[in-house]
Amino acid sequence: MVTYSYAHGVSDTALLGDTIGADLDRTVRAHGEREALVDQASGRRWTYAQFGLEVEQLASALLAVGVAKGDRVGIWAVNCPEWVMVQYATARIGAVLVNINPAYRVHELEYVLKQAGVSVLFASLAHKTSDYRAMVEQVRSGCPALLRTVFIGDAGWGALLARGSDVPRAELALREAQLSCDDAVNIQYTSGTTGFPKGATLSHHNVLNNGYFVGELLGYTPADRICVPVPFYHCFGMVMGNLAATSHGACIVIPAPSFDPEATLRAVAAERCTSLYGVPTMFIAELNLPGFAAYDLSSLRTGIMAGSPCPAEVMKRVVADMHMAEVSICYGMTETSPVSTQTRTDDDLERRTGTVGRVMPHVEVKVVDPATGVTVARGEPGELRTRGYSVMLGYWDEPEQSAAAIDEGRWMHTGDLAVMREDGYVEIVGRIKDMIIRGGENVYPREIEEFLYGHPKISDVQVVGVPDERYGEEILACVIPRDPADPPTLDEVTAYCRDRLAHYKIPRHLRILSAFPMTVSGKVRKVELREAYGA
């Protein structure tokens with residue numbers, strides 16, 4: 001008898017029916033004296049009672065400046081306590097938080113602000129080579145909906161917070177009473193296959209439950225302290241990190257504004273963290289630190305590794321040398337809030353390195369023939385699809401794109417090729433589309449291709465991922481020049497991209513070609529480009 005590649009995460013633990021604000025209130029009441037948030041870089045820390053009051057003050061301030069239910073509030077910032085406060089304050093008043101990657105340049109920033117109709121923007125002042133204030137000024141005239149920008153770290157933040165005192169507590173309570181757990185609460189932009197990112201729109205119900213059940217499978221309690229070096233602008237940080245923590249009364253520890261292996265291990269040791277997150281390249285960087293052995297990591301027991309497959313030798317060291325015997329592998333996508341499958345804390349090494357776990361509680365997954373949609377037998381490859389509370393509401397203001405991604409049965413088409421084993425564990429074996437995963441960042445070649453078509457020396461371009469020891473994959477641009485006698489150089493392509501594309505989207509390799517390999521139907525055979533130039 002055939003066993004089909006379908007699994008349903010049956011659970012005795014019910015889904016949460018709350019909004020994010022209501023869930024936070026419950027945690028504040030139950031665990032007010034426990035630490036909620038620690039910023040290792042600045043030394044600042046908040047108990048749940050203190051954090052709840054500051055979130056309430058910021059939520060009231062947003063009401064004071066006229067933010068209505070459903071208004072889009074953007075955040076373009078590195079990891080910091082204010083990021084977390086904005087996340088929960090916007091949820092409390094029914095605004096929709098728009099996450100903006102701190103690596104975005106003006107080209108991408110302007111697109112997101114306009115596409116989402118952002119009216120209030122919170123931004124860092126600067127980070128590394130980025131002058132956020134200058135970049136906001138460059139795009140302001142093209143973003144008529146943008147009425148107010150608040151820079152974290154200058155007087156504007158304090159001035160806004162002070163406005164919260166103008167709003168009676170009853171007004172905030174009235175707004176909260178008008179909210180549903182099914183309301184949109186967050187827009188996260190995913191790299192687009194048609195040249196521009198799409199805004200995956202997520203509800204309170206989507207992200208609160210996903211964070212909660214990730215935490216449940218990790219065994220989180222109020223005693224846990226979670227070190228979150230992964231970015232808050234991504235679901236990994238704000239859902240699997242922040243919401244998993246607050247829904248369990250655990251503590252969020254921010255080691256640094258952006259990933260720094262030394263700062264991460266220093267925070268784990270100083271704060272006695274019990275859980276640590278990262279993509280495999282982050283764990284490799286930590287393990288390879290010259291002074292690694294000097295850090296006391298004995299408080300760790302669990303954590304999450306996600307973003308790309310984990311090499312077996314790395315997993316062995318994470319378990320043995322970092323004391324993370326209960327480390328978990330997660331798989332998902334922004335559109336599914338994000339996690340659909342997860343390994344369990346008692347899974348063996350093979351399941352943690354050879355699979356992406358099994359279905360999450362209250363979620364369904366199946367593997368189908370991509371051409372027919374028919375579920376295949378276990379052990380056979382096909383497209384992984386997922387259904388349940390975690391599937392997004394849709395892409396913001398993109399009904400056709402939404403319909404293409406979510407079918408009439410509410411199954412999300414992941415575009416990933418997978419095999420479901422007899423034991424229900426899922427292996428990801430490839431990608432139907434040509435998405436590149438570089439160091440945990442999803443990169444769609446089409447977006448880069450569309451951008452490079454504007455280069456004066458480029459006639460045609462195809463972008464593919466090629467193997468890379470450090471990042472898993474790196475970006476190769478295969479280019480047909482306008483003038484074969486004067487082709488672009490890699491330095492010229494890099495300079496063209498530098499201030500307009502995020503750093504992880506910039507090609508690191510370049511090949512000049514006279515033609516691309518084509519199929520009979522006239523499509524470029526990207527697989528041949530990868531095979532020819534990926535060695």
Note to self: Quick query: amide H of residue 458 versus all other amide H atoms, modeled in the peptide plane; which residues come in under 5 Å with a sequence gap of 5 or more or a different chain?
What the structure shows: 482
Checklist line | Listed pairs 198/505; 114/198; 366/505; 128/505 exceeding 20 Å between Cα atoms | finding: 366/505
Next item on the list: Express the relative contact order of the chain as a whole percentage, based on alpha carbon pairs under 8 Å and six or more residues apart in sequence.
Entry: 14 percent
Check: In vacuo Debye scattering of the chain, one point per C-alpha: log10 I(q)/I(0) at q = 0.06, 0.11, 0.12 Å⁻¹?
Finding: -0.28, -0.99, -1.20
Checklist line | Ratio Rg/Rh, restricted to region 305-388 and using Cα atoms, in which Rh is the Kirkwood radius | finding: 1.03
Next item on the list: Give the shape of region 1-146 as rounded, prolate or oblate, defined through the alpha-carbon gyration tensor: a ≥ b ≥ c are the square roots of its eigenvalues, a/c under 1.5 means rounded, and otherwise the shape is prolate if a/b is larger than b/c and oblate if not.
Entry: oblate
Check: So which cysteines of the chain have no other cysteine's Cβ under 4.7 Å from theirs?
Finding: 80, 143, 181, 235, 251, 310, 330, 478, 497
Notebook entry, point to check: What is the local net charge at residue 203, summed over the other residues whose Cβ is closer than 11 Å to its Cβ (Lys, Arg +1; Asp, Glu -1)?
Noted result: -2
Checklist line | Length-normalised contact order for region 234-331 - Cα pairs under 8 Å, 6+ apart - percent | finding: 24 percent
Note to self: Going by amide H atoms built from the backbone, whose H comes under 5 Å of the H on residue 71, apart from near neighbours?
What the structure shows: 96
Margin query: I need to check one value: relative contact order of region 1-67, counting alpha carbon pairs closer than 8 Å and at least 6 residues apart, in percent.
Written below: 21 percent
Checklist line | residue 121 - accessible surface, heavy atoms, 1.4 Å probe, Å² rounded to 10 | finding: 0 Å²
Check: Amide H to amide H under 5 Å from residue 152: which residues, 5+ apart in sequence or cross-chain, H placed 1.01 Å off N in plane?
Finding: 123, 124, 125
Item checked: Heavy-atom accessible area ranking, 1.4 Å probe, most first, across 127, 503, 509 -> 503, 509, 127
Next item on the list: Just the number, please: percent antiparallel of the DSSP beta bridges in region 81-210, rounded to the nearest 5.
Entry: 50 percent
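The values are calculated or read from the model by the stated rules, or taken from the named source; none is laboratory data. Predicted, not measured: the structure shown is a model, and the values here were computed from it. Cβ atoms come from the backbone with ideal geometry, glycine included; neighbour counts cover every protein chain shown. Just so you know, the surface numbers come from the protein's heavy atoms only, side chains and all, with ligands and any DNA or RNA stripped out. Shrake-Rupley method; radii C 1.70, N 1.55, O 1.52, S 1.80 Å.
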